[in-house]
Amino acid sequence: MNGRATLTRFAWLSIAAAIVTISLKAGAYLVTGSVGLLSDALESLVNLVAAIIALIALTIAAQPPDEDHSYGHEKAEYFSSGVEGALILIAALSIAFAAVGRILHPQPIEQPELGLTIAVIASLVNLVVAQILIRAGRRYESITLEADAHHLMTDVYTSAGVIVGVALVSLTGWYLLDPLIALAVAGHIVWTGVQLLRRSVAGLMDTSLPAAEREVLDATLAPFRDEGIIFHALRTRQSGARRFVSFHVLVPGTWSVRRGHTLLEQVERDVRKALPNTTVFTHLEPIEDPASFQDTALDRVEETKDQH
Ligand SMILES: [Zn+2]
Ligand SMILES: [Zn+2]
């Protein structure tokens, strides 16, 4: 988990970008009166809130495990990406609401050139910051940074729609185009919000590692299987950037504790090498004992029965 303590610098970058774009877009709205630019400015305000939440989540996630959180604090990232998804959905609703109002009460747009120029500059700021965040998000496996980057890219698409809308209105004089394009953009960003919510819920639900990573895990255990070692009760889950893997290791009962432990150390090291940022838990069992095979489920069948 090296280097993750400094991830907050990306959240600060996002906060700075939000302040710059809010100022630009709010100014552009005051000058032009374009509802598209207003909704754009409102969404940048949401960006500021999202970036602050990302900063808090990354700060908490970087804390080392302690007595109250012995599995670490990495899950804090899912709250941030979940809130980010919800905020994107709210932004889509507010854009749609403003656009419908504009359709019912069409108004001419004043000084479209200035509005366009400012929207283009703000979009470039968002585009550059989003690319930096998405790279950092992938490199450090931070769903918080990735979510923030998607959010900023959503803004870029929104702004592109607004720019096209304002430009077309100034060319054709058909005022309905501005809100109609805003509606289309709102529909598009609903999708991004839903995806982020889905991934956040998956993380909070302790969803298993992706199939590709489970295959890597299987390939790592294969050489040991060839030597007659049996593995079962294999469980995986993800907590932000940290992976958790646990399984039972069945060896001949005549092995010494030392020999068994040396094998566990080797298997665990190989798993950590194959899947970075993985915490491995193992449980050593004698291969000849039938009881070793009765603990593969989360609950032990006979004990569960006894309780009823
Ligand atoms: Zn040990
Ligand atoms: Zn077992």
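The values are calculated or read from the model by the stated rules, or taken from the named source; none is laboratory data. Treat the numbers as computed from the prediction; the structure is a model and nothing was measured. Cβ placement follows ideal geometry from the backbone for every residue including glycine, while neighbour counts extend to all protein chains displayed.
List of remarks:
- Residue within the range 213-233 that is surrounded by 14 or more Cβ atoms within 10 Å (Cβ to Cβ), outside the structural domain of ALA11 (by TED's automatic domain parsing) and part of a loop (DSSP other than H, G, I, E, B) present: yes
- Scanning the range 1-21 for residues that are at pLDDT below 90 and in contact with a helix residue (DSSP H, G or I) (Cβ under 6 Å, 6 or more places away or on another chain) yields one hit, THR21.
- Residue within the range 235-242 that is of a type outside the set (Lys, Arg), outside the structural domain of THR59 (by TED's automatic domain parsing) and within 16 Å of ligand 2 (Cβ to nearest atom) present: no
- Candidates in the range 117-152 are the residues that are of a type in the set (Ser, Thr, Tyr) and more than 19 Å from the chain's Cα centre (by Cα); of these, the one that is surrounded by the fewest Cβ atoms within 10 Å (Cβ to Cβ) is THR117.
- Inside the range 153-193, residues that are surrounded by fewer than 20 Cβ atoms within 10 Å (Cβ to Cβ) and hydroxyl-bearing (Ser, Thr, Tyr) make up a count of 4.
- Residue that is farthest from ARG139 (Cα to Cα) [pool: residues in the range 198-255 that are touching a Lys or Arg at 6+ places or on another chain (Cβ under 8 Å) and of a type in the set (Phe, Trp, Tyr)]: PHE231
- Pair list, Cβ < 9 Å and 6+ apart or interchain, from the range 248-272 residues that are in contact (Cβ under 8 Å) with a residue 40 or more places away in the chain to residues that are within 13 Å of ligand 1 (Cβ to nearest atom): HIS248/THR282; HIS248/HIS283; HIS248/LEU284; LEU250/LEU284; VAL267/VAL249; VAL267/VAL280; VAL267/THR282; VAL271/VAL280
- Given (1) closer than 17 Å to ALA219 by Cα; (2) within 12 Å of ligand 2 (Cβ to nearest atom), index of the condition ARG272 fails: (2)
- The residues of the range 247-261 that are assigned to a strand (DSSP E or B) and closer than 28 Å to PRO64 by Cα, listed by number, are PHE247, HIS248.
- Filter result (assigned to a helix (DSSP H, G or I) and in contact (Cβ under 8 Å) with a residue 40 or more places away in the chain) within the range 138-153: ILE143, THR144, LEU145, GLU146, ALA147, ASP148, HIS150, HIS151, LEU152
- Of residues in the range 262-286 being over 17 Å from ILE230 (Cβ atoms) and assigned to a helix (DSSP H, G or I), the one nearest to ligand 1 (Cβ to nearest atom): GLU265
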